[in-house]
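Have a look at the structure below, then the notes.
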Amino acid sequence: MSTLRTEEMTLNMGPQHPSTHGVLRFVIKTDGEVMREAIPDVGYLHRSIEKIAEKVGYHGFMPYTDRVDYVCAMFTNQGWAMACEKLGNVEVPRRGEYCRVIATEFNRLASHLLTVGLMGMDIGAMTPFLHALREREMINDLIEELCGARLTFNYMRIGGVGWDLPPGWREKALAYLDHLEPILNEYNALFSYNKICVERLAKVAPITPEEAISYNLVGPNLRASGVKWDVRKDMAYSVYPEFEFDVPIGSGEWGMLGDSMDRYMMRIREMGQSSRILRQALRQIPDGPVLGKVVRNFKPPAGECQVRVESARGDQGWYVVSDGTSYPWRVHVRTGSFAAMGIIQKLSRGLMIADLVVLIASLDVIAPEIDR
Amino acid sequence: MEPLQIYERIKQRFPDKVLEIVDRKPDPFAVLAADAIGEIARCLRDDGEFAMDCLSNETGVDHKDRIEVVYHLFSYRHRHGCVLKVKLPRENPVVATVEEIWRAANWMEREIFDLLGVNFEGHSDMRRILMPEDWPGYPLRKDFVEPLEYHGISTVRESPIIRLDQKKK
């Protein structure tokens, strides 16, 4: 038998590949099914949001922040509002902070539901996606009642939130949580502990804690590697110190610490914790105004600051430089997906092509957040 | 440690490399000599006293007379962070890369190169990241003027409202 001759091939994946979570492109160097390397090519969704910030002023930039990450826009809203408040020394009323926590935690649930569903779809199971989206739809309805939008919320303002909770909303929200909590177990029974899912995800592309920190992975991706770090707990902002919740971390129970299964399970477990926070927040919410007094022509004194918000895709850093005028001098947002994309090239070496899709899904990469 | 304490400690070790410590609210920062960033960064990461194992953010700011590269460092072990800056001339800004020290710098430096035109010496993959390879100029510079077209594709659009107005006439 003559020996087979093989050669390296260059394949193009994307930018319109259905499972790349937005418009992403990979240049894959491969010999057969095993990749030599996958080189990410980003920028297809670059909308120059940071440059726009320099032209539209502090209040005017709020709707644009929704577009930084449209899957969890509440967090980008909050990050921008918190950066401005820190620069301008603005006090947020307590009810306003509670509204923020409630809105962001619901958004985290919605975002994680999408991630869990997409994980199913990316490895070829359509049903979990539909189940997850069914539950996500109800959150969208709740948030729509809150702020009138289902995706790009523009709910927060510098100094608080735009609108108070509508009458009767609290009861609806609690009823939804009663509905969701048993369903999380259903997801586990249907999908997470399914033999196919575990075999497909376990031991795929593990990330060591040192690597995760060096590549600046954040949020669930970092915690899946066993680093116990949650901005809500460790650099507490807003009213998070008033709530009791745990920070789940990866333990390598499916074979390797920080593998795709660990990263996937982070989302399921965080949903349980979000639900816990929401119950406490909905119970404890005080009365009072939701929006502090902020002048229309907001001019923070010259200075700079960085604030960090625990978004659904992890620690989001807003760096804002003010020169004392009504337009920010420079705005930069460091997002979780940007960091996560940076590690894909390294992890892809020696991975199967089909596992690249698993890797992207487990890192929960969202394209607009990379490109901004 | 508080950021100001960290800057003082760095100054004790590298007396002539820390040019300035600016104690300004909300975030104080230290300005370093541009040729010392690699050396100081390595010390900050490896010394157990600082243990800055994470480069949480690296970005650039155009100040019209100079370009600043800003490093936000963070230590997961000690839970403290600091802000370092280097000032570079606007004409041909070059600074050493910190990619070898923190892997995250690879992409962040590519972004700074792409949008502000700072060259990072020793970087393994200095390509544009967000803009097309042949894009003219650096968009986040304050004097950047967007070209009117890119490969025959117009980048401007007449306002539809003006068009309606002209139709009426």
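Listed values, structure above:
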read-out	value
Rounded, prolate or oblate (a/c below 1.5 giving rounded, otherwise prolate when a/b exceeds b/c) for the range B:120-169 by Cα gyration tensor	prolate
Cβ crowding within 10 Å averaged over residues, with B:106-115, A:290-299, A:216-225 ranked highest first	A:216-225, B:106-115, A:290-299
The range A:263-351: equivalent-ellipsoid semi-axes (sqrt of 5 x gyration tensor eigenvalues, Cα, Å)	33, 27, 7
Spin-label model distance (nm) - A:Q280 vs A:N154, 7 Å beyond Cα toward Cβ	3.4
Average projection area in nm² (convex hull over Cα atoms of the range B:79-169, one quarter of hull surface)	9.9
For residues of B:105-111, the mean tally of beta carbons on other chains within 10 Å	5
Packing-based order for A:202-214, A:4-16, using average beta carbon neighbours within 10 Å, highest first	A:202-214, A:4-16
Share of pairwise Cα separations in the range B:57-104, more than 16 Å, in percent	47
Angstrom value of the Kirkwood radius, inverse mean 1/r, which spans all Cα pairs in the range B:96-144	11.0
Within 10 Å of each Cβ in A:295-306, the average number of Cβ atoms from other chains	3
Mean separation of Cα contacts under 8 Å, 6 or more apart, over the residue count of chain A: relative contact order %	27
Average other protein chain Cβ within 10 Å of Cβ, residues B:136-142	2
Spread of Cα-to-Cα distances over 5 Å intervals beginning at zero, given as percent, for the range A:312-372	4, 16, 22, 17, 13, 10, 7, 5, 4, 2, 1
Average Cα contact separation per residue, the range B:3-168, under 8 Å, 6 or more apart, as relative contact order %	15
Relative counts (whole %) of C-alpha pair distances in the range A:79-160, using bins that are 5 Å wide	3, 14, 20, 18, 15, 12, 9, 5, 3, 1
Amide H within-cut-off set for A:E310, under 5 Å, with H built and near neighbours excluded	A:R232, A:Q316
At R0 = 30 Å, FRET efficiency that the Cβ-Cβ distance of A:A236 and A:A175 yields, to 0.05	0.55
Lys pairs, chain A - Cα-Cα below 24 angstrom, 8 or more residues apart or on other chains	14
Burial ranking of peptide ranges A:108-116, A:73-81 (average Cβ count within 10 Å, highest at the top)	A:73-81, A:108-116
Volume per residue of the C-alpha convex hull in chain B, rounded to whole Å³	158
Three-way shape call for the range A:22-180 based on the alpha-carbon gyration tensor, with the a/c threshold at 1.5	oblate
Calculated FRET value between B:K142 and A:L4, using beta carbons and R₀ = 35 Å, to 0.05	0.05
Alpha carbon convex hull of the protein assembly as shown, projected area averaged over orientations, nm²	29.8
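We did not get these values from a lab; they are worked out from the coordinates using the rules stated. Here the structure is a predicted model, which means the values were calculated and not measured. Cβ sites come from the backbone with ideal geometry, for glycine too, and all protein chains shown count toward neighbours.
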